[in-house]
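Let me begin by presenting the structure, written as structure tokens, before commenting on it.
Quick note: the coordinates plus some simple rules give every number you see, no bench work behind them. The structure displayed is predicted, hence computed values, not measured ones. Virtual Cβ from ideal backbone geometry, glycine too; neighbours counted across all protein chains shown.
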Amino acid sequence: MTTIPDSHRDLLGAQVATLATVGGDALPQLSEVWFLAEDDTVRLSLNTSRQKVKNLQRRPGCSLLILDLANPYRYLEIRGDAKIEPDRDYAFADKLGAKYQVVDLRARDNPGESRVVVTIRPRRVRTWG
């Protein structure tokens, strides 16, 4: 498994990251996302009605960019494949919500919607700055 270098590990505590997926039209789609990092594993909680989830189900290859807001010439990029698992009981969503001081992510979802845990398995890590 590819590891995050110590020089950029601090960026794993950032508030947001940019998730890049490939849409059905073969064009990139970028979205700001909340994330939780543990060691070299990055996980997201996504609503299944979102285009990002559809894109990842079709093509699991993705990229996550974390920009150092204090120095925009410094960043961490994680390229890899997304593993998607159901989060029926919102266990991971609750854990992620705690990072962002959100009481309950269920309130952000419409009736009948659900969440998945997206784990990005790094194949390549790039840094700058």
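What to note about this one:
- Lysines with Cα under 20 Å of LYS83, excluding same-chain neighbours fewer than 8 positions away: LYS52, LYS54, LYS95
- All other residues whose Cβ lies under 12 angstrom from that of ILE4 are scored, Lys and Arg at +1 and Asp and Glu at -1, for a net of -3.
- Projected area, mean over directions - the chain, Cα convex hull, nm²: 8.1
- Sequence-separation-based contact order of the chain, relative, with Cα cut under 8 Å and 6+ spacing, percent: 30
- For chymotrypsin sites (Phe, Trp or Tyr not before Pro), the sites in the range 26-123 that DSSP calls loop and that have at most 10 other Cβ atoms within 10 Å are TYR73.
- Sequence of VAL103, VAL16, VAL116, VAL33 once ranked by neighbouring C-beta atoms within 10 Å, starting from the fewest: VAL103, VAL16, VAL33, VAL116
- Residue order for ASP40, ASP87, ASP104, fewest other beta carbons within 10 angstrom first, comes to ASP104, ASP40, ASP87.
- Radius 9 Å from Cβ of GLU77, net charge of other residues (Lys, Arg +1; Asp, Glu -1): +3
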